[in-house]
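So the structure is just underneath, and the comments pick up after that.
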2 protein chains.
Amino acid sequence: MAYDQAQRRYCDSEERRCPALPTHCATCHARQLSICGALDQYDLPGFATLSSHVRFRAGQTICEEGAPADWVFSVTSGVIGLHKALPDGRRQTTGFLFAGDLVGLSSRIVNACGAEAITDVEACRFARRRFETYMNEHQEVETRLLRMTADELSAAHDQMLLLGRKTARERVASFLLQLADRAARRRVQANPVLLPMKRLAIADYLGLTIETVSRSFTGLARLGVIEMVSVGAVRIVSMADLRDVAEGR
Amino acid sequence: MAYDQAQRRYCDSEERRCPALPTHCATCHARQLSICGALDQYDLPGFATLSSHVRFRAGQTICEEGAPADWVFSVTSGVIGLHKALPDGRRQTTGFLFAGDLVGLSSRIVNACGAEAITDVEACRFARRRFETYMNEHQEVETRLLRMTADELSAAHDQMLLLGRKTARERVASFLLQLADRAARRRVQANPVLLPMKRLAIADYLGLTIETVSRSFTGLARLGVIEMVSVGAVRIVSMADLRDVAEGR
DNA sequence: ACACGGGATTGATCTGGATCAACCCGGTCG
DNA sequence: CGACCGGGTTGATCCAGATCAATCCCGTGT
């Protein structure tokens, strides 16, 4: 049995030889965060060939609510906002997606939500059909997808509590904690918390208006639990106090 | 090869002989609605032995938010309410579950939501560990579970739009449509819509108070889009008009 | 340097739904 | 039968956050 120096393991057949990764996968730092993390070096290249690498500019529409759900996207950098709207234009952002997150978890035939690039975005795009076929053949991917979907559902339940019962100040406090938490889990700067989205996007996410979001920030700052470093960065002075505010204690 | 008259198919080995179903499965009218619908008559008995049949009285707690997520329940009759709460007692109902629905989709280690019997309830209870093991061995069940979870997530997104942006009247109208829709899909009476839950449970679900729910019902009735048959039954006069109200048109 | 413009903040007022309170209605028990 | 009790409805008032309006702040282009 031949030992493959590059792969640091024994290869017993031609089939186990590991094909080259597409460059965007080889250098992708979102890989461990995403669904690809379920694949080993042998399965990953096959999976990678299903996808193409795409970019969006901040503000660009990625897909429209109600349109045929032809694609699944895996975010590799930047931030995407998902949203639903009413005919008269009222709009609710249902979630922000970061590197490692998937666009299209809640969609089946048509997109449950519209998606928009909040910052410049890079992503992998999969044809949904082929994505689903691959899943049927690779249960470990389906298992991972189920876990991600269940986590999203759990987060959605938290958000319902926020939208249904929390005050404006509690909402903003909770939002900052969410962002800090995500940043920590993705091992990037968590304090000061970076706010990549504009006030309008935050307001749409929290079921508030920009004015109320703004007032809540200054309110929290006056309370002394945060400090506004800039419009796009907030220092959390006391995590515990902020948590208390978020939970209405 | 022997043709089995009872099963209407050829049986080529002892192994394919179909063991007897537990009585509660044999007579279960939720079977096609639920995860069991993914199993054929040969796999179902094996799955069924994982579960025990349980009952709850209206008002009983089924599981507590934050407690270890040891069980998964599949509702076979009655209505269950899921909810999350804040320390000061504010409460948000995240969903109502009917026959065929699963309790525990969003939970991993601890319960994401508490669950409470809204009416008398019958359900199948599975040890989560064994449930997950079974899933790993039966991909068709996992696929079905993924689909159910994705649908729940989609419904959760709708509910975020409702909680974040709709007026009280729109919320109640949307709620009635949800119930009518569910009833129709479960092939039970959809008009008049039956309301198995009290006003408080509706209020907790819609992010309102009982008083506002009550006023919204009377408001919709005065508009002429519904008629209150009784406290627990609402006749939808015009589906289209009610839909317009729900969407703010 | 200056004008411009898009976003954020702050202030003044308004309002939908919460809160507080009274009353109603139907079922149950003494 | 009447008292009681747990919902549900209706009415009066209040207030958190929306709305409308002014100002600020800062990056950009001339």
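Computed from the coordinates by the stated procedures, all read-outs in this text should not be read as laboratory data. If you're wondering where the values come from, they're calculated on a predicted model, not measured in any experiment. Don't worry about glycine lacking a Cβ; one is built from the backbone with ideal geometry, like all the others, and counts go over all protein chains shown.
Return a whole-number percent for the relative contact order of chain B, with Cα pairs under 8 Å and 6 or more residues apart as the contact set.
17 percent.
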**Study point:** Cα-based convex hull, the stretch A:92-249, per residue volume (Å³, whole number)
**Key:** 124
Check your understanding: Taking a label point 7 Å from Cα toward Cβ, how far is A:H24 from its twins in the other copies, in nm, shortest first?
Key -> 5.0
Check your understanding: Tally Lys/Arg at +1 and Asp/Glu at -1 over every other residue whose Cβ is under 12 Å from the Cβ of B:A99; what's the total?
Key -> +3
Check your understanding: Given springs between every Cα pair under 10 Å in a Gaussian network model of chain A, which of A:G224, A:G81, A:G114 has the largest fluctuation?
Key -> A:G224
Exercise for review: Report, in whole Å, the centroid distance computed from the Cα atoms of the stretch B:224-249 and the stretch A:185-249.
Suggested key: 40
Practice item. Find the centroid of the Cα atoms in the stretch B:57-114 and in the stretch A:118-132, then give the distance between the two in whole Å. Key: 33
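Note down the magnitude of the dipole of the stretch B:11-158 about its Cα centre, charges +1 on Lys and Arg C-beta and -1 on Asp and Glu C-beta and zero elsewhere, to the nearest 20 debye.
360
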Check your understanding: Relative contact order for the stretch A:15-158: what is it in percent, counting Cα pairs under 8 Å that are at least 6 residues apart?
Key -> 30
Review point. Where does the Debye-calculated log10 I(q)/I(0) of the protein assembly as shown sit at q = 0.05 Å⁻¹, using only Cα point scatterers of equal weight, no solvent?
Key: -0.22
Check your understanding: Within straight cross-link reach of B:K166, meaning Cα distance under 19 Å, which lysines are found once same-chain residues fewer than 8 apart are removed?
Key -> A:K84, A:K166
